[in-house]
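Chemist: Quick one: the structure is below, and I'll ask about it shortly.
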Amino acid sequence: MQETPKQLGYFFPAEWYKHTATWLSWPHKEASWPGKIETIYKPYCQFIKAVSEGENVCINVANAAMEVFAKEHLSNEGVDLNKIKFFHHPTNDAWCRDHGPAFLINPTEKKKIIVDWNYNAWGNKYPPYDLDDVIPTLIGEQLNLPVYYPNIIMEGGSVDFNDSKTLITSTACLLNPNRNPSLNQKKIEEYLFNYYGVEQVLWVDEGIIGDDTDGHIDDTVRFVNTDTVITVIEENKNDDNYSLLQHNLKQLHGMRLLNGKQLNIVELPMPDEVIWEGQRLPASYANFYIANNYVVVPTFRSKKDDVALSTIQQCFTDRKVIGIDSTDIIWGLGSWHCLSQQEPAV
């Protein structure tokens, strides 16, 4: 029987760990941004420009024509194309956090592996997803890295990590019967231990309104250092998110880390609600991405944008926090963290 990544000394590092690269899948699915996809390329390329100032950016594209199209948009935003690498890996959609590779490292041996979780487009909501499902293996082949297969559904946006073997997730997502109906919480934790190399799993219950992922943690609670989390709260008691996020907050206050310490909890406001064509979108400042040089935060033309940026900046002494307008991007029901996946250095 094959040894698990944990048995071999591998673990998934915190997002603030130094990156070799950031992986993306170029957006092309018009159904994800119906009537609006042409508006997302400018902010998307602004995101790539910011990230590429501190690391390479690897982009999955369908073919040479899509690569040319991408380079044109990137050049228009002043991106240094020497920092961009293209891979002809066709995808169904753009959400690389969820269909991309999970990179684990063994710092002692200076080695890296990929875990290829199964992927079913958030409970079979948006078929087809066959191209997305094989992306981690294709990248493993390109990088000549070993690939491990847990053979259960798991999305990168459903988990977040500190640098001391603790993972936080949500019951709303991981215990949803549309993912792994035959597995209970204890069984799922065993997979998280063995294939992410963690030793502790913390659970909150709720996601935010409008989130089609059934409650991904990267819209609600994020580690910003070993023992500190940022969690979104809704200040308006009449808002549908208010009681959900208060419930999560109460759970966080009751949690203890492996060393027995309580979590430091930083409260982050939710933006004013973003509505498009009558649909409430899952706008959240927690969907930020920690790159080597910046923390890139989605903003929503809200009066709360500046407060959110200031709050997040106070959590990061070693990186500048910047906001990039995500008002059009969020029509696809995700933002910067959902679109990106880090490749750590070893």
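Derivation of every value follows stated rules applied to the coordinates shown; laboratory data play no part. This is a predicted model, so every value here is computed, not measured. When we count neighbours, we look across all protein chains shown, and the Cβ atoms used for this are built from the backbone with ideal geometry, even at glycine.
Chemist: Beta carbons within 10 angstrom, averaged per residue: use that to sort the peptides 168-179, 81-92, highest first.
Modeler: My ranking of the peptides, most packed first, is 168-179, 81-92.
Chemist: Who wins for biggest fluctuation among 158, 75, 335 in a Gaussian network model of the chain, springs between alpha carbons below 10 Å?
Modeler: Checking each option, the largest mean-square fluctuation is seen for 75.
Chemist: Per-residue ellipticity at 222 nm for the chain, helices alone: DSSP H runs ≥ 4 residues times -39500 (n - 2.57), over residue total, nearest 500 deg cm²/dmol? Intermediate values should be presented prior to the final figure.
Modeler: On the way: 11 runs with 88 residues, N = 346.
The helix-only estimate for the chain comes to -7000 deg cm²/dmol at 222 nm.
Chemist: Rank the residues 320, 304 as a footprinting-exposure proxy: fewest other Cβ atoms within 10 Å of their Cβ go first. It would help to have the intermediate numbers written out before the result.
Modeler: On the way: 320 11, 304 17.
Least to most surrounded, the residues fall as 320, 304.
Chemist: Further question: Could you sort the peptides 135-144, 284-293 by per-residue average Cβ neighbour count (10 Å cutoff), highest mean leading? Walk me through the numbers before you get to the answer.
Modeler: Details: 135-144: 17.3, 284-293: 24.7.
Answer by packing, highest mean first, reads 284-293, 135-144.
Chemist: Most exposed first by the Cβ proxy, i.e. fewest other Cβ within 10 Å, how do 16, 336 rank?
Modeler: 16, 336
Chemist: So what's the gap between the Cα centers of the stretch 278-340 and the stretch 119-160, to the nearest angstrom?
Modeler: Rounded to whole Å, the Cα centres lie 25 Å apart.
Chemist: Now for a separate question. How far is it, in nm, from the label point at residue 141 to the one at residue 30 when both lie 7 Å from their Cα along the line to the Cβ?
Modeler: 3.0
Chemist: For residue 55, enumerate residues with amide H under 5 Å from its amide H, sequence gap 5+ or separate chain, H modeled in the peptide plane.
Modeler: Sorted by chain and number, the residues that satisfy this come to none at all.
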